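Working notes for the structure below.
The values are calculated or read from the model by the stated rules, or taken from the named source; none is laboratory data. All values derive from a computational prediction rather than experimental measurement. Cβ atoms come from the backbone with ideal geometry, glycine included; neighbour counts cover every protein chain shown. Areas reflect the complete protein model, heavy atoms only, side chains present, ligands, DNA and RNA absent. Shrake-Rupley method; radii C 1.70, N 1.55, O 1.52, S 1.80 Å.
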Amino acid sequence: QVQLVESGGGLVQAGGSLRLSCAASGRTFSTYAMGWFRQAPGKEREFVAAISWSGGTIYYADSVKGRFTIARDNAKNTVYLQMNSLKPEDTAVYYCAADVLRLGTRGREYDYWGQGTQVTVSS
């Protein structure tokens, strides 16, 4: 069983930055692929970024490429999402997730989810 706890969300003006963190329990964190997803009101959950267990392979959604950076620290059991040049359309609840088998971009492939953290970008 893996527990994931996100933090770092908040209210920021357009053009600003936030760094989200996701702390994981369990000694096998370093073997999991990790992903970030988001869901805006009235919209479906969408993929944001994912990172392999070693950090050697990373995927980004086109909408965040060049603005967001995913990283992980296996010694701290933590994955991060650095978000720069934020836009109002980035407003959503952001979730981190763990995939025990593969690195993917589809939410249904992920096995464990955090409770989410709200990010609100004002114009």
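For the reader, a short list of remarks on this structure follows.
- Only one of M34, M83 that is more than 17 Å from L18 (Cα to Cα), in contact with a strand residue (DSSP E or B) (Cβ under 9 Å, 6 or more places away or on another chain) and not hydroxyl-bearing (S, T, Y): M34
- Yes/no for A97 being of a type in the set (A, V, I, L, M) and either in contact with a His (Cβ under 8 Å, 6 or more places away or on another chain) or more than 20 Å from T120 (Cβ to Cβ) (or both): yes
- Qualifying positions in the stretch 88-123 - open to solvent by less than 50 Å² (accessible area, probe 1.4 Å), under 24 Å from G56 (Cβ atoms), of a type in the set (A, V, I, L, M, F, W, C) and over 11 Å from the mean Cα position of the chain (by Cα): L103
- Taken over the stretch 75-87, the criterion of being surrounded by fewer than 17 Cβ atoms within 10 Å (Cβ to Cβ) and either aromatic (F, W, Y) or over 20 Å from E44 (Cα atoms) (or both) is satisfied by A75, K76, Q82, N84, S85.
- The single residue among V64, V79, V121 that is aliphatic (A, V, I, L, M), touching a helix residue (DSSP H, G or I) at 6+ places or on another chain (Cβ under 7 Å) and either within 17 Å of V5 (Cα to Cα) or in contact (Cβ under 8 Å) with a residue 12 or more places away in the chain (or both) turns out to be V121.
Okay, residues lined up against (1) under 13 Å from A92 (Cβ atoms); (2) in contact with a Ser or Thr (Cβ under 8 Å, 6 or more places away or on another chain); (3) open to solvent by less than 40 Å² (accessible area, probe 1.4 Å); (4) at pLDDT below 95:
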{"position": "S7", "(1), (2), (3), (4)": "no, yes, no, no"}
{"position": "G15", "(1), (2), (3), (4)": "no, yes, no, no"}
{"position": "S21", "(1), (2), (3), (4)": "no, yes, yes, no"}
{"position": "S30", "(1), (2), (3), (4)": "no, no, no, yes"}
{"position": "G35", "(1), (2), (3), (4)": "no, yes, yes, no"}
{"position": "A40", "(1), (2), (3), (4)": "yes, yes, yes, no"}
{"position": "E44", "(1), (2), (3), (4)": "yes, no, no, no"}
{"position": "I58", "(1), (2), (3), (4)": "no, yes, no, no"}
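- Residue match in the stretch 67-74 (condition: at negative phi, loosely packed, with under 13 Cβ neighbours inside 10 Å and modelled with pLDDT of 95 or more): no
- Residues satisfying the stated conditions in the stretch 20-36, i.e. of a type in the set (F, W, Y) and more than 17 Å from L101 (Cβ to Cβ): W36
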